[in-house]
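Every number here is computed from the coordinates shown, using simple stated rules; none is lab data. This one's a predicted model, so the numbers in the text were calculated from it and none came from an experiment. Here Cβ is always computed from backbone atoms with ideal geometry, including for glycine, and neighbour counts include all displayed protein chains.
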Amino acid sequence: MSRPEIVKKLRSKHPELNKLQLETIIDSFFNSIEKALIKKQSVELRGFGTFYLREMKEKYSARNPKTGEVIYVPKKNKIRFRASKKFKQLINQ
């Protein structure tokens, strides 16, 4: 589902809000998640799941799959998502 589709669904459920207000709400929601992850905090949405960071270690002996050349890969953070038990049950019905 794309961002415009989310706005359209919210607009049908809340006709008293205009498109600009809905876009502001969506932007502030995602910005707050981004800011928390930048601060290395996890974000828990009850009944949905948790966004968190996982630090990937640096690798000195990784290989380029195309050339087979040994390359260095620096450490980095990856965003992970763990679905809640309730959400998993809903998806696997």
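Descriptive notes on the structure:
- The simple spin-label model puts a point 7 Å past each Cα toward its Cβ; for residue 75 and residue 93 those points are separated by 4.4 nm.
- Full extension of the segment from residue 86 to residue 34, taken as 0.36 nm per residue of separation minus the current Cα-Cα distance, would add 16.3 nm.
- Proximal aspartates and glutamates to residue 9, defined as alpha-carbon separation beneath 18 angstrom and excluding residues fewer than eight positions away on the same chain: 23, 27
- The calculated P(r) of region 2-54, using every Cα pair and 5 Å bins from 0, goes 4, 19, 21, 19, 17, 13, 6, 1, 0 in percent.
- Evaluating kT/(6 pi eta Rh) at 20 °C and 1.002 mPa s, with the Kirkwood radius of region 42-93 over Cα pairs in the Stokes-Einstein relation, gives 158 µm² s⁻¹.
- Across region 53-69, coupling constants 3J(HN,Hα) worked out from phi with the 6.51/-1.76/1.60 Karplus curve, θ = phi - 60°, read 9, 10, 7, 8, 5, 6, 10, 9, 10, 6, 10, 6, x, 6, 9, x, 6 Hz, and Gly and Pro carry x.
- Reciprocal of mean inverse Cα separation for the chain (Kirkwood radius, Å): 16.7 Å
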